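Visitor: Structure below; questions to follow.
The values are calculated or read from the model by the stated rules, or taken from the named source; none is laboratory data. Small disclaimer: the values here were computed from a predicted structure and weren't measured. All Cβ positions, even for glycine, are placed from backbone atoms using ideal geometry, and neighbour counts span all protein chains on display. The accessibility values were calculated without ligands, DNA or RNA, using every heavy atom of the protein model including side chains. Shrake-Rupley method; radii C 1.70, N 1.55, O 1.52, S 1.80 Å.
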Amino acid sequence: MTTPDRLAAWRAQWDPVDPDPVLDADIETVLDQLAERLRDNYPFQHPVYAGQMLKPPHPIAAAAYALAMEINPNNHALDGGPATAALERECIEAMSRMVGYQPEKALGHLTSSGTIANLEALWIARELLPGKAIASSAGAHYTHSRMCQVLGVPHVAIPTERGGRLSLDRLAEALKSGRIGTVVATLGTTSIGAVDDLPAILALTQEHGVRVHVDAAYGGFFRLLADGTGLRDDVARAFRVMGEADSIVIDPHKHGLQPYGCGSVLFRDASVGRFYQHDSPYTYFTSKELHLGEISLECSRAGAAAAAFWATIQAFPLTPDGLGRVLAKSRQASVDLARLIDLSDVLRLVVTPELDIVGFYPAQDGLAASAISEWTERVFGAGMHTDPDAFFLAKLTVTPEQVSDAGIVWDTERMTVLRSVLMKPEHAAFVAELFRRVEAATIATAP
């Protein structure tokens, strides 16, 4: 029996005999209108797009999501999605093993986003250590300072070192105060892809009895490359010790080939589940077993997201030879682009990329930061208006301590640079052409 036949057989048993005429609609006309409206987009699916963290889900994820949406389960309670709840548990077990947790001792679930996942992790940090501050680097995602505001928790911003990593010296100094209860380590900043020195952070926090939360929303799946040669040694070491952190956030909707929104939060110690305990007078009636609604802050969650992720990791297991092959192509694309920029007369790297995000800018010796920013704006605009040689990048603002180029005259506090996110595996084969287009536009728009 084929996949459509299996679902059709199930639906034939339970579908209404007479569909409600109130729900009748001119579906074809509406979808035609929608298709026309959707033309107002950038080509996210093509490697010419290297701007924001956008790429289409793998076809197996899209198909699995659509298949589950025929039922539309809700993974809040077991009676809302028994099948997809089981699939979600299997996904979390696979993720736990990937990061180095023991699945039988860990706890976790999928979320609608990395923001919600980080909110849950910081909420648990607050409950475990009430009154203590949470520290993250100045280069970490703004989620952390904002979620601390939501939770009413003091936040401490730790300055970054050159390259965008959390400053270990400044962290050590801040920990002496005794105010900090949890430190957030970022494995893959969304600005430049910087990977904090997690082994050193763990050593410092253990000395002071402080917890560690790892925000690997963007970079978490690069753990699959950490035992090989795909990453720089210091970066690989950070991923290899993820299992020593107290909690971890990873977004399958970034490098896990999933549609938005699919985040996840993992806890090394399942006993934190006690903080989630709650009661409801109308749900949870089908099983006495602990279910996902009892270990998540969110209530309704799409069971289709669990189905899509489960199907994907069956086809692309969380191994170096499975999903790791996809990550390896993105990593290689960043290495190749960085090498081409190093050889260019008009482009310079902000910092050597640690994952698959590359920051760079148009430059000439002795040029002021303000002039470089203006040049960057011209290159950025040219990319969207030079068909058939178009390209689509993002912009990023940086400070003097983030850039090692001694030839810049800093007449402004910040400088605008270009940022490319090479997260599609197709970038590996396209990066030389992408570079050619960007360099040509840089030369054409030179002051």
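Visitor: With unit charges on the beta carbon (Lys/Arg positive, Asp/Glu negative), name the residue among Ala429, Gln206, Ile71 whose Cα is farthest towards the positive pole of the charge dipole of the chain.
Guide: Positive-most Cα among the choices belongs to Gln206.
Visitor: Suppose every Lys and Arg Cβ carries +1 and every Asp and Glu Cβ carries -1, with no other charges. What dipole size does the stretch 47-109 come out with about its Cα centre, to the nearest 20 debye?
Guide: Numbers: 4 positive and 6 negative charges, 55 e Å.
Around 260 debye, computed over the stretch 47-109.
Visitor: Shifting gears a bit: Would you please state which residues of the stretch 36-79 a label at Ala432 would reach in this model, taking the label point 7 Å out along Cα→Cβ and a backbone N cut-off of under 15 Å?
Guide: Once the point is set 7 Å along Cα→Cβ of Ala432, nothing inside the stretch 36-79 turns out to lie under 15 Å by backbone N.
Visitor: Which shape class, rounded, prolate or oblate, goes with the stretch 211-283 when its Cα gyration tensor gives a ≥ b ≥ c as root eigenvalues, a/c under 1.5 marks rounded, and past that a/b bigger than b/c marks prolate? Don't skip to the answer; put the middle values down first.
Guide: On the way: a/c = 3.90, a/b = 1.71, b/c = 2.28.
Since a/c reaches 1.5 but b/c is at least a/b, the shape of the stretch 211-283 is classed as oblate.
Visitor: Tell me which aspartates and glutamates have Cα within less than 18 Å of Lys395's Cα, excluding those fewer than 8 residues away on the same chain?
Guide: Asp356, Glu374, Glu377, Glu413, Glu439
Visitor: Work out how much length His385 to Ser370 would gain on full extension: take 0.36 nm times their residue separation and subtract the Cα-Cα distance, in nm to one decimal. Please report the intermediate quantities before stating the final value.
Guide: On the way: separation 15, 0.36 × 15 = 5.40 nm, distance 2.33 nm.
Residue separation times 0.36 nm, minus the Cα-Cα distance, leaves 3.1 nm.
Visitor: Packing-wise, with mean Cβ within 10 Å as the measure, how do 388-397, 194-203 rank, highest first? Write out the running numbers ahead of the final one.
Guide: On the way: 388-397: 17.5, 194-203: 21.9.
Highest-to-lowest ranking by the protection proxy: 194-203, 388-397.
Visitor: Any idea which of Thr445, Phe391, Gly407 is furthest toward the positive side of the dipole for the stretch 298-447, if Lys and Arg beta-carbons carry +1 and Asp and Glu beta-carbons -1?
Guide: Phe391
Visitor: Sticking with this structure for a sec: Please report, in debye to the nearest 20, how large the charge dipole of the chain is about its Cα centre when each Lys and Arg carries +1 at its beta carbon and each Asp and Glu carries -1 there.
Guide: That gives the chain a dipole magnitude of about 1020 debye.
Visitor: Comparing Thr319, Thr160, Thr386, which has the greatest mean-square fluctuation in the GNM of the chain with Cα pairs linked when under 10 Å apart?
Guide: Highest fluctuation of the listed residues: Thr386.
Visitor: Would you list which aspartates and glutamates come within 12 Å of Lys176, measuring only between C-alpha atoms, while excluding same-chain residues fewer than 8 positions from it?
Guide: Correct list for Lys176: Glu207.
Visitor: Give the residue from Gln102, Val326, Phe360 lying farthest towards the positive end of the charge dipole for the chain; charges sit on Cβ (+1 for Lys and Arg, -1 for Asp and Glu) and the dipole is referred to the Cα centre.
Guide: Gln102
Visitor: Rounded, prolate or oblate, given the Cα gyration tensor of the chain, with a/c below 1.5 counting as rounded?
Guide: On the way: a/c = 2.05, a/b = 1.25, b/c = 1.64.
Cα axes put the chain in the oblate bin.
Visitor: Could you sort Glu377, Glu104 by accessible area so the largest value comes first, with the probe set to 1.4 Å?
Guide: Working: Glu377 80, Glu104 135 Å².
Sorted descending by solvent-accessible area, the residues read Glu104, Glu377.
Visitor: Oh, and also: Per residue of the stretch 130-144, what does 6.51 cos²θ - 1.76 cosθ + 1.60 with θ = phi - 60° give for ³J(HN,Hα)? Whole Hz please, x for Gly and Pro, Karplus curve as stated.
Guide: For the stretch 130-144, the Karplus-derived couplings read x, x, 8, 7, 10, 10, 9, 6, 5, x, 6, 4, 5, 3, 5 Hz, x marking Gly and Pro.
Visitor: Under a 5 Å amide H to amide H cut-off, with H placed in plane at 1.01 Å, what residues pair with Thr412 once short-range neighbours are removed?
Guide: Ala369, Ser370
Visitor: Quick check: from the Cα gyration tensor, does the stretch 12-69 come out rounded (a/c under 1.5), prolate or oblate? Intermediate values should be presented prior to the final figure.
Guide: Values: a/c = 4.82, a/b = 1.76, b/c = 2.74.
Note, shape of the stretch 12-69 comes out oblate.
Visitor: Counting only heavy atoms of protein chains, what accessible area per residue, in Å², does the chain have with a probe of 1.4 Å? Kindly include the intermediate steps, with their values, before the conclusion.
Guide: Values: 20650 Å² over 447 residues.
Per-residue accessible area for the chain comes out at 46 Å².
Visitor: What trypsin sites (Lys or Arg not before Pro) in the stretch 158-227 are in a loop by DSSP, with at most 10 other Cβ atoms within 10 Å of the Cβ? Present the calculation step by step, with values, prior to reporting the outcome.
Guide: Values: sites: Arg162, Arg165, Arg170, Lys176, Arg179, Arg211, Arg223; in loops: Arg162, Arg165, Lys176, Arg179.
Answer by residue number: Lys176.
Visitor: Here is a further query. About the Cα centre of the stretch 72-205, how large is the charge dipole given +1 on each Lys and Arg Cβ and -1 on each Asp and Glu Cβ? Please answer in debye to the nearest 20.
Guide: Values: 11 positive and 12 negative charges, 92 e Å.
Roughly 440 debye, rounded to the nearest 20.
Visitor: Nearest 0.05, what FRET efficiency do Thr399 and Leu23 give at R0 = 56 Å with Cβ-Cβ as r? Before the final figure, lay out each step's value.
Guide: Numbers: r = 56 Å, r/R0 = 0.99.
So, using R0 = 56 Å, E works out to roughly 0.50.
Visitor: How much of the accessible area of the chain, probe 1.4 Å, is carbon plus sulfur, in whole percent? All intermediate terms of the calculation are to be shown ahead of the outcome.
Guide: Working: 11090 of 20650 Å².
Carbon and sulfur together cover 54 percent of it.
Visitor: Let me ask something else. Please enumerate, by chain and number, the lysines with C-alpha under 27 Å from the C-alpha of Lys105, excluding those fewer than 8 residues away in the same chain.
Guide: Lys132, Lys254, Lys288
Visitor: If you don't mind, there's one more thing I want to ask. Go ahead and run the numbers for FRET between Tyr42 and Ala66, Cβ-Cβ distance against an R0 of 22 Å, rounding to 0.05. Please report the intermediate quantities before stating the final value.
Guide: Numbers: r = 24 Å, r/R0 = 1.08.
Taking R0 as 22 Å, the efficiency between Tyr42 and Ala66 is 0.40.
Visitor: So what's the back-of-envelope 222 nm ellipticity for the chain, counting only DSSP H runs of four-plus at -39500 (n - 2.57) apiece and dividing by all residues, rounded to 500?
Guide: Numbers: 14 runs with 174 residues, N = 447.
Taking each H run of at least 4 residues, the total per residue is -12000 deg cm²/dmol.
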